[in-house]
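One structure is given below, encoded as structure tokens.
The values are calculated or read from the model by the stated rules, or taken from the named source; none is laboratory data. Given the structure is predicted, the values throughout are model-derived calculations rather than measurements. Glycine also receives a Cβ, built like all others from the backbone with ideal geometry; neighbour counts cover every protein chain displayed.
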2 protein chains.
Amino acid sequence: MLINELSKRTGVSIATLRYYENYGMFKGVSDEKVRTNNYKHYDELVVEKIEIIKGAKEVGFTLAEIKDLLENWHSEQLSMEKKIAVVNSKINEVDAKIHQLTEVKKLLARCIEDIENGMC
Amino acid sequence: MLINELSKRTGVSIATLRYYENYGMFKGVSDEKVRTNNYKHYDELVVEKIEIIKGAKEVGFTLAEIKDLLENWHSEQLSMEKKIAVVNSKINEVDAKIHQLTEVKKLLARCIEDIENGMC
DNA sequence: AACAACCATATAGTATGGTTCATACTTTAC
DNA sequence: GTAAAGTATGAACCATACTATATGGTTGTT
């Protein structure tokens, strides 16, 4: 698919997609057979990566962190074990964030108590 | 306590604390009795607020969102019911983020599977 | 062929969340 | 009383993550 469709599929603006591609988050490929243009094509894997980017961003990961993850995930250089280690370490970070969120929730629950007790 | 102690208590740099105060996240008070300076004093409530800021930031809330929460929490203008409603809506957002994180976790788990199956 | 709609690249501008710096006054320790 | 450390204010600066704008080529429709 071309960038327009990719944008519609993912809900991410074309400008942002280009920014991401330029940043190195993923890569579209130009059709070798067509020499008249250099339109880039994106496949389902790119869609998946963008879903990861969206989700991870929403919960506070930076593009640099996400890029690092995605890069390792599809690297030819790395052994299967190393790739798995990278992804697993990200899963641990996600767990840490879930823990952090439950802490915030506790603080907010205490806020409610304080309000109910007229303490603020 | 003064800003130096506040910084040490919270682990947030003095510059950032001033930035937060300036942004309206909380307010220190100058001692009325001391007219020679306008050093600002911060109490335990400020420490608590900063803990909320830290936690909420870490999981992707913006300062504007957090400010909104903190402002309502200690507003004299709002009824107890409204305050509780504001905090509860934030708790719902936290739950939504937890859900989002579990989705990301699923995607990452699928990454692992893909890697194990040699699909990338 | 002409016109809209689409694609690519480059550059500049914007918003957020800070950090650094310059200046100046205050307190504390010696 | 003087040097060192702490505090306040304001402005400049910086990184991240976009967003907009300008320019020019391509495709598709009529």
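Which residues, taken from the stretch B:31-57, are touching a residue at least 40 places away in the same chain (Cβ under 8 Å) and either within 13 Å of DNA strand D (Cβ to nearest atom) or more than 14 Å from every other protein chain (Cβ to nearest Cβ) (or both)? Hits for the stretch B:31-57 are B:HIS41, B:TYR42, B:VAL46.
Quickly run through the stretch A:78-97 and pick out the residues that are more than 9 Å from every other protein chain (Cβ to nearest Cβ) and touching a residue at least 12 places away in the same chain (Cβ under 8 Å). Selection gives A:VAL86, A:GLU93. Are there any pairs, at least 6 apart or on different chains, whose C-beta atoms fall under 6 Å, with the first in the stretch A:3-16 and closer than 15 Å to A:VAL29 by Cα and the second more than 12 Å from DNA strand D (Cβ to nearest atom), and if so, which? Close Cβ pairs satisfying both conditions: A:LEU6/A:TYR42.
Looking only at the stretch B:58-73, residues that are modelled with pLDDT under 90 and more than 23 Å from B:GLY11 (Cβ to Cβ) come to 2 in all.
No other residue among B:LYS33, B:LYS27, B:LYS54 is in contact with an Asp or Glu (Cβ under 7 Å, 6 or more places away or on another chain) and charged (D, E, K, R) apart from B:LYS27.
In the set A:ARG18, A:ARG9, only one residue is more than 14 Å from chain B (Cβ to nearest Cβ), more than 9 Å from DNA strand C (Cβ to nearest atom) and at negative phi; that residue is A:ARG9. Restricting attention to the stretch B:1-60, the residues that are under 12 Å from the mean Cα position of the chain (by Cα) and of a type in the set (Phe, Trp, Tyr) total 2.
Within the option set B:GLY60, B:GLY28, B:GLY24, being of a type in the set (Gly, Ala, Ser), touching a residue at least 12 places away in the same chain (Cβ under 8 Å) and in contact with a His (Cβ under 7 Å, 6 or more places away or on another chain) holds for one residue only, B:GLY28. Residues satisfying the criterion are present in the stretch A:94-116 (criterion: buried (at least 16 other Cβ atoms within 10 Å of the Cβ) and either aromatic (Phe, Trp, Tyr) or over 20 Å from B:ILE53 (Cβ atoms) (or both)).
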